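A short write-up of the structure that comes next.
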């Protein structure tokens, strides 16, 4: 992995108003995540893991602080520019795959390119290659209802990689899977990380999977409690 920081947060804070009460979810978080890392974010429920992922993914605005992706201060962008940046540089994987029921596997993978617009033939070839990479070469024309839960999540991973983003954010990607499929999915993430050198930031409660990441960041009360580099 590279020692260049792909993602950096500086004094990042996020608060919500609950009536007259201000709830501080994230409190002055300073992080650096390096190109090619697989980083797992852990912590008890309600500690701010998903909020942090949403803010660094530019899906939500911080109350204070900065998010730099590839050195770009992303919240200085205007809304249209930020949407374009997000589509081109960030991939998302969620616990629930959010595949479109009327599209087959290859069409679902192509959705990010439909938004961007580009060389359609090359895009179709790359979508097929990604489905081969995730072990679904025999499922190109199958719709979500014809796929197992693990297969649907593999399609979602391929979709996240479609625009060749530098940063992949995953929120409990194995949360809806059994132990065998969870391990299989995490093995796949490691293989894709090695092949494409993309950075993965993963929120999970699964300690077994977390121990297979390059680094574990533990959130405590909206702050970074521990940041552990693992031997891999």
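The values are calculated or read from the model by the stated rules, or taken from the named source; none is laboratory data. This structure is a prediction, so every number in the text was calculated from the model and none was measured. Every residue, glycine as well, gets a Cβ built from its backbone with ideal geometry; the counts of neighbours run over all protein chains shown.
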Practice item. Go over the candidates 193, 181 one by one and state the one that is surrounded by fewer than 22 Cβ atoms within 10 Å (Cβ to Cβ) and farther than 23 Å from residue 32 by Cα. Key: 181
Point to revise | Set 185, 167, 192: member being in contact (Cβ under 8 Å) with a residue 24 or more places away in the chain and in contact with a strand residue (DSSP E or B) (Cβ under 6 Å, 6 or more places away or on another chain) | key: 167
Check your understanding: Can you tell me how many residues in the range 89-108 are in contact (Cβ under 8 Å) with a residue 60 or more places away in the chain and either over 18 Å from the mean Cα position of the chain (by Cα) or within 14 Å of residue 6 (Cβ to Cβ) (or both)?
Key -> 3
Exercise for review: Say whether the condition of being farther than 17 Å from residue 227 by Cβ and within 14 Å of the chain's Cα centre (by Cα) is met by at least one residue in the range 16-30.
Suggested key: no
Review point. If you check 90, 69, which single one turns out to be at pLDDT 90 or above, in contact with a strand residue (DSSP E or B) (Cβ under 7 Å, 6 or more places away or on another chain) and farther than 22 Å from residue 154 by Cα?
Key: 69
**Study point:** Tally of residues being part of a loop (DSSP other than H, G, I, E, B) and more than 30 Å from residue 78 (Cβ to Cβ) across the range 38-63
**Key:** 5
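Name the residue, out of 174, 199, that is buried (at least 17 other Cβ atoms within 10 Å of the Cβ), farther than 20 Å from residue 25 by Cα and touching a helix residue (DSSP H, G or I) at 6+ places or on another chain (Cβ under 6 Å).
Answer to the check: 174.
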**Study point:** Number of the condition not met by residue 85 [criteria: (1) part of a helix (DSSP H, G or I); (2) touching a strand residue (DSSP E or B) at 6+ places or on another chain (Cβ under 9 Å); (3) buried (at least 19 other Cβ atoms within 10 Å of the Cβ); (4) modelled with pLDDT of 90 or more]
**Key:** (3)
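Of all residues in the range 32-44 being under 13 Å from residue 222 (Cβ atoms) and over 12 Å from the mean Cα position of the chain (by Cα), which is surrounded by the most Cβ atoms within 10 Å (Cβ to Cβ)?
Taking the candidates together, the pick is 43.
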